[in-house]
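The values are calculated or read from the model by the stated rules, or taken from the named source; none is laboratory data. Being a predicted model, the structure only gives us computed values, none of them experimental. Cβ placement follows ideal geometry from the backbone for every residue including glycine, while neighbour counts extend to all protein chains displayed. Note: areas computed on protein heavy atoms with side chains; ligands, DNA, RNA excluded. Shrake-Rupley method; radii C 1.70, N 1.55, O 1.52, S 1.80 Å.
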Amino acid sequence: YMASWLFRKSGIPAFLTAYKVLFFNDQFFGIYLNVENIGKDYLQRNELNDVGNLYKAKKDASNLSLFDNVFYRWEKKNNLNGDLTDLHTLIQDLNTVPDSAYLRFIKSAFNYENLITSMALNALIGNGSTYYHNYYLYHDIAGSGKWLYMPWDLDKSMSSYDTRLPYYYTSWSSPSSGAMPENPLVYRTLLNKEAFKSFQDKVREISGSDFYSKEFSVEVEALKKQLAPFIELDSSDKVKSKEDWEKAINKMVLYKNERPFALEAQYKNFPSLFSLENHFNNHFDKTAHLRWGVSN
């Protein structure tokens, strides 16, 4: 709820949420979060033309890498004609445009303000479950011609991971899934000095805003007042007691307050990202030559 609230407050198209307390024949059935579906009505509410192409990153590794199979990992939500050419072209361009032209390309292909703000918010809320799934891309083919990022499924945020989660986190690996490539949209944007400065400035702007520093706490207190009478009635969730519930809320608020400082420390102390020379589908001879540079 609070993560999507922050996106909307920052001017990013994001789904609406509302808590619902469910009774049936006077029997209490629990507290639920009603989440807006992202579709035609959502686009219209956000003043986006529903003629544009809306894509959902629905499977792990839908991360815009050269290994990304758009027909398998992405779901087209409208204009259901089977044509995913624009998404396929975007992925190819993201991975092949030279570094010298990358910033110019990204500003022409994407709504730059939307991209930088979304990346800054994902870093601030510690959204560790995006960029390889759980996000949408919208292509405004009937208007600006640019792409927009839209968040989805924000449950792994706001203290699900601790404040050490790297600001550039875009993927994960496990014995079951194997290693996934990083998302080149995020990595290449952060590798560009001008774009990285835009990202840092946006993090500071958002964390210094009234809605982040003041209104957030007001919203949290209003929700607590709304939900507190029903917390102990709900035996269907994993909340053991009202006290545990309040501790979890305090943990979330503390994370929100501490995360901006943790990010500033990461900029100074974490090794910088590095550029990978990707020779996709090239075959090595008997000898492989590796090259690397010094980290900043």
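Annotations for the structure displayed:
- All told, LYS77 meets the bar of being of a type outside the set (A, V, I, L, M), under 18 Å from PRO151 (Cα atoms) and under 22 Å from the mean Cα position of the chain (by Cα).
- Residue list for the stretch 27-58, restricted to those being out of contact with any Lys or Arg (no Cβ under 8 Å at 6 or more places or on another chain), closer than 25 Å to LYS224 by Cβ and open to solvent by 30 Å² or more (accessible area, probe 1.4 Å): GLN27, PHE28, PHE29, VAL35, GLU36
- Residue check, TYR149 touching a Gly at 6+ places or on another chain (Cβ under 8 Å) and of a type outside the set (Asp, Glu): no
- Residue within the stretch 121-131 that is more than 25 Å from PHE270 (Cα to Cα), of a type in the set (A, V, I, L, M, F, W, C) and open to solvent by less than 40 Å² (accessible area, probe 1.4 Å) present: no
- Exactly one residue out of PHE67, PHE105 is modelled with pLDDT under 95 and either within 30 Å of ASN257 (Cα to Cα) or open to solvent by 10 Å² or more (accessible area, probe 1.4 Å) (or both), and it is PHE67.
- Considering residues of the stretch 74-94 that are in contact with a strand residue (DSSP E or B) (Cβ under 8 Å, 6 or more places away or on another chain), outside any loop (DSSP other than H, G, I, E, B) and open to solvent by less than 50 Å² (accessible area, probe 1.4 Å) only, the residue farthest from ASP140 (Cα to Cα): TRP74
- Within the span defined as the stretch 229-248, every residue fails to be aromatic (Phe, Trp, Tyr), farther than 26 Å from GLN27 by Cβ and surrounded by 15 or more Cβ atoms within 10 Å (Cβ to Cβ).
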